[in-house]
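I have placed the structure first, in the form of structure tokens, so that the comments after it can refer back to it.
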Amino acid sequence: ALVPHHAMAVSSACARAGKKLPLEVLQTVREALCRWCHENLRLLGPRGLANMALALSRVPGLAGEDANAQQLKHLLARTRELLLEVDDFPASSAAKSAPLFRADWLGMFVSALARARCREDLPTLKQLLEIHFQKKILAGEAQNLALCAHSVLKLDLLDLRRNQPLVALAPHVKELGRLQGTSGARSACLLAHAYGSALLLHRGPIGEVHAVYDEVLQYLLDSKHKLKLQNIKLRFQMLTAVQCWWQFIDTTSTSSRGSSLASLRRVHQTLAAVSAALPGPEESIGEQEVISTTDHAEVARALPAEVQPRARMEDFAFPFWLDIVLIPLRRVEKKK
């Protein structure tokens, strides 16, 4: 029972060390985690699954993403077994009505899956989210609400069988009260990013679902929240939310709520808070590796010969600039 907890602590140290840790050390840690998971998978309960999933997702490095994704797939399969066990309990039993995952375990687990983009078993993942959202275990849990909302967006799970996850979470977000300080900013910015992006990504006609997303985003942009937005990642998340909102109201004529004067004032206040101090070069780069235009050209030249005619450098895809864009073959053939 203690191994998953210790694994999470070791992975946290690896994540904090970042590039200072040699690749061979990361490889050793990853191999140990994967081997232990493989040998003890049947022993893991909800807490152990959450701890091991988070530990695996934190260990970066060469070929680590593929290895972690494969192991996370097995953890998701173990989750399916636990859900089936709960289904077999008598309807009157306490175990039947109790949630399988605690709020913090659910937040850790789904955020780890999202980081590795693990969508191997979508029915299980959807069932897990539906069950726990219906049991309202996330009420009052700001950071776990944010992690779940972000994971829903990143794993492309905006539509489940019975409801829209972000719509189900919306009442809990609006009941959080005033969000303050650094911890409040982490939750608010991640939630704003999820609901702002969902305005553009939600499939279907403009309607009640978009109105809910917009209402939650406006709540998060309210100036009553005293947020510390010094961190560039938080500012990026909030700016992306505003960009998506602006794009949404610009492309639809039916969003009277989005273009109201009150909404515009909230957006203006948010932009003023985010741009109060522009980041310097070191903060802007962060832990990202910078490669030159020559390196980009080498990557383009390394593409297969049949793909190169469909590749172009530097293209804008809202809200990002992409280094290399491959035009879909069907679009090329259609133009011909």
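The values are calculated or read from the model by the stated rules, or taken from the named source; none is laboratory data. All values reported here derive from a predicted model rather than from experimental measurement. We place every Cβ from the backbone using ideal geometry, glycine too, and count neighbours over all the protein chains shown. All accessible areas refer to the heavy atoms of the entire protein, side chains included, with ligands and DNA or RNA removed. Shrake-Rupley method; radii C 1.70, N 1.55, O 1.52, S 1.80 Å.
A simple spin-label model places the labels of residue 324 and residue 243 2.2 nm from each other, with each point 7 Å out along Cα-to-Cβ.
Once the C-beta distance of residue 16 and residue 224 is scaled by a Förster radius of 35 Å, the resulting FRET efficiency is 0.55 to the nearest 0.05. Computed from phi, the 3J(HN,Hα) profile of region 5-17 under the Karplus parametrisation 6.51, -1.76, 1.60 (θ = phi - 60°) reads 5, 5, 4, 5, 5, 5, 5, 5, 5, 5, 5, 5, 5 Hz, with x in place of Gly and Pro. In the assembled protein chains, residue 108 presents an accessible area of approximately 40 Å² (probe radius 1.4 Å).
Between the listed residues 48, 27, 14, the Cα displaced farthest toward the positive end of the dipole of region 1-55, a dipole computed from Cβ unit charges relative to the Cα centre, is found at 14. Heavy-atom accessible area, probed at 1.4 angstrom with all protein chains present, ranks 154, 20 as 20, 154, highest first. Applying 1/(1 + (r/R0)^6) with R0 = 41 Å to the Cβ-Cβ distance of residue 175 and residue 119 gives a FRET efficiency near 0.85. Scanning residues 5 or more positions from residue 324 or on other chains, those with amide H under 5 Å from its amide H are 314, with H placed 1.01 Å from N in the peptide plane. Compared with the alpha-carbon gap, the fully stretched path from residue 183 to residue 264 is longer by 26.6 nm at 0.36 nm per residue.
Rounded to the nearest whole Hz, the Karplus-based 3J(HN,Hα) values (6.51 cos²θ - 1.76 cosθ + 1.60, θ = phi - 60°) of region 295-307 follow the sequence 4, 4, 5, 5, 5, 4, 5, 7, 5, x, 4, 6, 8, with x at glycine and proline.
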